[in-house]
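Structure first, commentary second.
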Amino acid sequence: MINIDIGATAISILTLFGIYSLMSISLNLEYGVAGLPNFGKALFISIGAYTAGITYTRLLPLLAGAEAIHPCGPTMGGALQLRSEIMASQPIAGFINFALTLVFAAVIADAVGFAVSYVTLRLKEEWFLALVLLVGGETVRILVRGADDFICSHNGISGVAQPFFFVADPRSRALLFMLLSLALALLAYLCSQRLYHSPFGRMLKGLRENEEVTRGLGKNISLARAQIMAVGSLMAAIGGVLFALNTGFVNTNDFVVNLTLDVWVMVVLGGIGNNRGALLGALLIAIMDRFAQIGAIVLNMGGSEIEFNYVRFIAFGLILLWMLRYRPSGLLPESRLTTDAHDVVRRVIGASK
Amino acid sequence: MTPLLELKNLRKDFGGLRAVDDVSLTVPEGAIVGLIGPNGSGKSTLINLIAGSTDPSAGQVRFAGQDISDLPSNEVFKMGIARGYQEPALYFKMTVLDNVLLPVKDQRGERPWFAPWRRFWQHEESAHAEAAVQALEQVQLLQHYDTLASDLSGGQMKLLEIARCLMGKPKLLLLDEPTAGVAPKLAYEIFQQIARLRDDFGITLLIVEHRLEILFDFADYVYVMHLGKLLAQGGVDEIAQDAIVREVYFGE
């Protein structure tokens, strides 16, 4: 038997929960609230991850006053060592680099999300967006993989480090990063809750239910959709930055369609249109993910022939099918109300009685 | 005086089908104008053309002196033309109150950068809620403000659609069979409500309707369409007596 470190497992699950939450909340805003089937989640997550890959190998040395070393090929070892020295000795440079990474990732993802949706959503069918993003995400991934110097093509880029790298004790370091990812997830949750319970959220719900009528009631629906895509893409890209920081490594193979589908499972499982449901879905998937990994190791050590990672795919597929068949609204159904106008009306009625 | 709405030689082709053929009509301000004709005569298409849901193949739609032929439906709504649909097209998964608050124009809280900060729009939202109370009271739906639109009866849905239009403060209201699928007694009530919209708010109405006995009680002027063309027009008495209309409509 192997020993499972409960504390470390809990920290890694909660870190993953924070990262997944950013992704699931962003998809919930886009699909759950506004009805936009974003099948390109992996693209926007990868934008965050690639941005981190580039800033940590090119920008970080500049911030620390050193000369960047090419991170690919034979000079990789040197680049990695330089990164470790800077991150360990100059935490301020590390934090500035982290903050700038978030800003760059947000701006790039925002621009891509807005541009893609503004063009494709002018067409009648929103499922056109789904196809464009599905194909676009995969195309970008293959192009990036082929671009040699960008992120070291198919080898992937090493050298991404989480901002608490300078903390010597690995347990505290992991704990701090967990808190960071949970804090960002909380921020995303609060932001999307407020958007949901606002006139903007009401318009998006209207858009989801009847596009034609919503346009007929004076709303610029192409603009509204592009706006929510920009918000969602921003959150997904920040999730992508954390994803890369958590792994310490960016590889194009991580951003295949499977990742998009994982995020979809979270939202469908938790409850379409419910931000708390998105959190619940992210938590359940984070737990299952980690236990699937542990299960794979246990089976492997026991000499089993079963490749447990495939069992994970089968399990996720079954969850998706079962939910869609028996509980299409998810574990937590959507809230009925939008703004607090209902309270105002209740007061007015109460006063007149 | 220029009429509020003026259609000039309007035409709409769907492939080989000419759904609306060279229709010219005017709707004066403050009038209740009826539009009748057998099924497939092009009435609904005409409503769609005015509302901007579809663009004309030829001709012009002029509203308050401006050419609005090619404006998209959201711009048309902002100019002051609201519409109802033949099948109730409500937000069925939203409450009655949310249904009427959504069409309010220029809401600050609809801009994503203001939306998360309630203090930027709460005041405005409360004012809209109070306006919504008035609109819902007008159609006797106030006590149902918290109900999902899907739980309303057919007649209530029609009334909610009218209240929803009202929140956009329209000058012209286009109604496509406002009493379709409604019991006769309630149908008459709906028309009384519609007449009050004109009397209380000065809203001009263009109404497509099959229940001629009710329409003729309320309309000032009636246009008759047949196979995409205008067949006849005139005051209620005139149209009721018109031999051709009777033949087309009642098969007499």
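Since every read-out is calculated from the coordinates, none of them should be taken as a lab result. Given the structure is predicted, the values throughout are model-derived calculations rather than measurements. Note: ideal-geometry Cβ built from the backbone for every residue, glycine included; neighbour counts use all protein chains shown.
Here are a few things to note about the model shown:
- Computed from backbone phi, the HN-Hα couplings of region A:262-276 come to 4, 5, 4, 4, 4, 6, 5, 5, x, x, 5, x, 10, 5, 5 Hz, rounded to whole numbers (Karplus: 6.51 cos²θ - 1.76 cosθ + 1.60, θ = phi - 60°; Gly and Pro given as x).
- Computing FRET efficiency as 1/(1 + (r/R0)^6) for A:A8 and A:D148, where r is the C-beta to C-beta distance and R0 is 30 Å, gives about 0.25.
- Residues with amide H under 5 Å from that of B:A58, placed H, sequence gap 5 or more: B:R11
- The alpha-carbon positions of the protein assembly as shown define a convex hull whose volume is 201 Å³ per residue.
- Acute angle (nearest 10 degrees) that the helix A:91-120 long axis makes with the longest principal axis of chain A, alpha-carbon atoms: 40
- Modelled this way, with points 7 Å down the Cα-to-C-beta line, the labels at B:D199 and A:A111 are 6.1 nm from one another.
- Other-chain or far-sequence residues with amide H under 5 Å of B:A232's (modelled H): B:V224
- The distance between label points at B:K105 and B:H123 comes to 2.2 nm (points 7 Å beyond Cα on the Cα→Cβ vector).
- Computed FRET value (nearest 0.05) for A:I297 with A:N253, which takes r as the C-beta separation and R₀ as 22 Å: 0.60
- In this label model, B:D70 and B:E213 are separated by 4.8 nm, measuring between points 7 Å along each Cα→Cβ vector.
- Taken as Cα centroids, region A:324-353 and region A:78-148 sit 37 Å apart, rounded to the nearest whole angstrom.
- Per-residue Karplus couplings for region A:245-253, computed as 6.51 cos²θ - 1.76 cosθ + 1.60 with θ equal to phi - 60°, are listed in order as 5, 5, 7, x, 7, 10, 10, 4, 5 Hz, Gly and Pro entered as x.
- Candidates A:F39, A:F255, A:F95, ranked by Gaussian network fluctuation over chain A, Cα under 10 Å, top entry: A:F95
- Disulfide-incompatible cysteines by the Cβ rule (no partner under 4.7 Å) in chain A: A:C191
- Candidates A:D254, A:D340, A:D149, ranked by Gaussian network fluctuation over chain A, Cα under 10 Å, top entry: A:D340
- Integer Hz, Karplus 6.51/-1.76/1.60 couplings in order for region A:22-39, x for Gly and Pro: 4, 5, 6, 5, 5, 5, 5, 4, 6, 8, x, 8, 8, x, 8, x, 7, 9
- The calculated FRET efficiency for the pair B:M79 and B:E238, based on their C-beta separation and a Förster distance of 56 Å, comes to about 0.95.
- Look at the stretch B:137-146: the mean tally of other chain Cβ atoms within 10 Å of its residues' Cβ atoms is 2.
- For region B:161-252, diffusion coefficient by Stokes-Einstein and Kirkwood Rh (Cα), 4 °C, 1.567 mPa s, µm²/s: 91
- Debye log10 I(q)/I(0) at q = 0.16, 0.20 Å⁻¹ for region B:140-208, Cα point scatterers: -0.54, -0.85
- Peptide B:78-89 shows a mean partner chain C-beta count of 2 within 10 Å per residue C-beta.
- Amide hydrogen neighbours beyond the local backbone of B:L5, cut-off 5 Å, H modeled: B:V27, B:A64
- Checking the Cα-Cα distances for B:K78/B:K169; B:K12/B:K78; B:K8/B:K43; B:K43/B:K158; A:K219/B:K93; B:K8/B:K158 against a 21 Å cut-off, the pairs over it are B:K12/B:K78; B:K8/B:K158.
- Size descriptor, Kirkwood hydrodynamic radius, that averages inverse alpha-carbon separations across chain A, Å: 21.4
- Relative to the longest principal axis of the Cα atoms of chain A, the long axis of helix A:170-196 lies at roughly 20 degrees.
- Taken residue by residue and averaged, Cβ atoms of other chains lying within 10 Å of the Cβ of A:331-340 number 4.
- Model label zone, A:W322; criterion: amide N under 18 Å from point 7 Å along Cα-to-beta-carbon; scope region A:268-301: A:268-272, A:280-293
- Per-residue ellipticity at 222 nm computed for the protein assembly as shown from its helices equals -18000 deg cm²/dmol, with DSSP H segments shorter than 4 residues left out and the rest contributing -39,500 (n - 2.57).
- Eligible aspartates and glutamates near B:K171 by straight Cα distance, threshold 15 Å, same-chain separation 8 or greater: B:E6, B:E29, B:E75, B:D199, B:D200
- Here chain B is treated as a sphere whose radius is the Kirkwood value from Cα pairs; by Stokes-Einstein at 4 °C and 1.567 mPa s it diffuses with a coefficient of 68 µm²/s.
- Region A:277-293 and region B:148-222: distance between their alpha carbon centers, rounded to Å: 52
- Cα pair distances in region A:56-106, grouped into 10 Å bins until the bin that holds the longest one, percent each: 28, 52, 20, 0
- To the nearest ten degrees, helix A:76-89 and the longest principal axis of the Cα atoms of chain A are 70 degrees apart.
- Order by protection proxy (mean Cβ within 10 Å, highest first), peptides B:102-113, A:196-207, A:217-228, A:48-59: A:196-207, A:48-59, A:217-228, B:102-113
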